[in-house]
Amino acid sequence: MKVREIFQDKIITVSNVLTVMRIIAAPFLGYFIYREYQTGDTGYVWYEMGVVVFIIMTDFLDGNLARLMNQVSKLGQYLDPIADKFSGLFAMLFLVLYKGFPLWVLVIALAREVVAVIAGILLYMRNDIQVRPNVFGKMCAVSMALCGALYIISLDYSFMGISLKHFSVFLVLLFYGLGGILYIKTYTRQYLDKKA
């Protein structure tokens with residue numbers, strides 16, 4: 001499949017518009033986090049949480065509406081994971097800069113996404129294999145939203161000596177790792193099958 005074929009299918013659909021809105025919303029989240037840090041006005045937390053909820057809802061709705069309204073498109077299949085990666089990494093960057101989120105988690109997430117994108121492009125170019133999101137990728141997005149919300153509202157409740165923030169970071173890393181393993185297993189097998 002050629003790149004131009006992606007744009008020959010349905011382009012302007014409800015789900016694709018929601019996906020694009022998710023991409024646009026991420027910089028607003030960063031802006032509100034920055035403004036809270038700059039002004040000390042905790043009222044910005046409400047805006048930040050509003051954007052997080054909006055990102056979560058559009059992520060949930062875009063794929064479901066596409067299937068429900070029979071609007072599944074090639075563009076949407078590529079755009080959805082891009083929106084997930086962009087909004088997640090963008091949010092992480094501003095949480096690192098202004099909310100105390102661990103930098104090393106952002107570095108791991110960024111490295112994984114770079115490797116995943118490069119591997120996806122190579123698989124597509126050499127074997128016409130389209131990399132699709134897996135269940136752990138979606139669980140990672142959910143855990144990242146939870147983790148981001150905890151850092152945004154600065155909630156660090158501890159239970160039996162385990163910090164809620166640290167546990168949420170652990171979940172993000174767990175699902176990133178499991179998703180990566182599943183990608184490697186699935187697409188190595190597909191690559192070898194196509195080569196055979």
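Worth pointing out:
- Taken along the Cα-to-beta-carbon direction at a fixed 7 Å, the label points for Leu178 and Asp41 span 4.1 nm.
- Additional length obtainable on full extension of the chain from Val17 to Thr186, 0.36 nm per residue less Cα span: 57.8 nm
- Charge tally in the Cβ shell below 11 Å around Leu18, where Lys, Arg are +1 and Asp, Glu are -1, Leu18 excluded: -2
- Phi angles of segment 70-75 translate, via the Karplus equation with coefficients 6.51, -1.76, 1.60 and θ = phi - 60°, into HN-Hα couplings of 6, 10, 5, 9, 4, 4 Hz per residue; Gly and Pro are given as x.
- Between Ala119 and Ile162, the contour length at 0.36 nm per residue exceeds the alpha carbon distance by 11.9 nm.
- Relative contact order %, segment 10-195, counting alpha carbon pairs below 8 Å whose residues are six or more apart: 22
- Reduced Cα scattering model of segment 10-195, Debye log10 I(q)/I(0), q = 0.09, 0.15 Å⁻¹: -0.36, -0.93
Values quoted throughout were computed directly from the atomic coordinates according to the rules given, and no laboratory measurement underlies them. Predicted model only: the values in this text are computed from it and were never measured. With ideal geometry, Cβ positions are generated from the backbone for all residues, glycine too; neighbour counts draw on all protein chains shown.
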